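Engineer: Here it is: the structure, laid out below.
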Amino acid sequence: MDLEDILRRHIYDVTLAIGAPPAIAALADAAGQNADEVRAALQRLAVARILVLQPGSSEILMAPPFSAVPTPFLVTAERRGAASAESQTFSSYANCAWDALGVPVMMRTPARVTTACGCCGEAIVVDVEPDRPPHGAGVIHFAVPALRWWHDIVFT
């Protein structure tokens, strides 16, 4: 595997474990590379639209569907540990409503999305199963057509 493949796999393994993507320093340690090589590989992944990087630091901002920073879309799930029957709460921020529905699918576990209505601010809670579409009342509004999402993915 090339460095981009190694980093991509590690980024998602860590994010699925702890709820947020790792920092460049942690990626460099895990890959046995220096930070400049990792930063360059992350740039290539960003050009390929695999990741979105923070403009100043080149740290990961988005590893879709996960966000490295707090957003209005909190996803929580109860997971059982492989070695014990104890459950632990997993939480992560998604980039948008659409991505929030994708987090439980990637985790392969039921999850709860907590957010608020974009127009009135009323609380919205959606329970999502990983193997079926969400049910209940509500509408997801996409202000930007999908064709233009990557023109400014952070705004979208």
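Engineer: List the pair-distance distribution P(r) of segment 11-156, using every Cα-Cα distance, as the percent of pairs falling in each 5 Å bin from 0 up to the bin containing the longest distance, rounded to whole percents.
Structural biologist: 2, 9, 17, 20, 18, 16, 10, 6, 2, 0
Engineer: Compute the signed sum of charges (Lys and Arg +1, Asp and Glu -1) over the other residues within less than 10 Å, Cβ to Cβ, of Val75. Numbers along the way, then the final one.
Structural biologist: Working: positive: Arg112; negative: Asp99.
Every neighbour counted, the sum reads 0.
Engineer: Still on this structure: When all C-alpha to C-alpha distances in segment 3-63 are sorted into bins of 5 Å, what percent of pairs does each bin hold, rounded to whole numbers?
Structural biologist: It works out to 4, 20, 36, 28, 11, 0, in whole percents.
Engineer: What does the charge count around Val105 come to, taking other residues whose C-beta lies under 11 Å from its C-beta (Lys +1, Arg +1, Asp -1, Glu -1)? Show your work: numbers first, answer last.
Structural biologist: On the way: positive: Arg108, Arg132; negative: Asp99, Glu129, Asp131.
Taking every Cβ under 11 Å from that of Val105, the sum is -1.
Here, each number is a calculation from the coordinates, and none is a lab measurement. Nothing here was measured: the structure is a model prediction, and the numbers come from that model. Note that we place each Cβ from the backbone using ideal geometry, even for glycine, and neighbour counts take in every protein chain shown.
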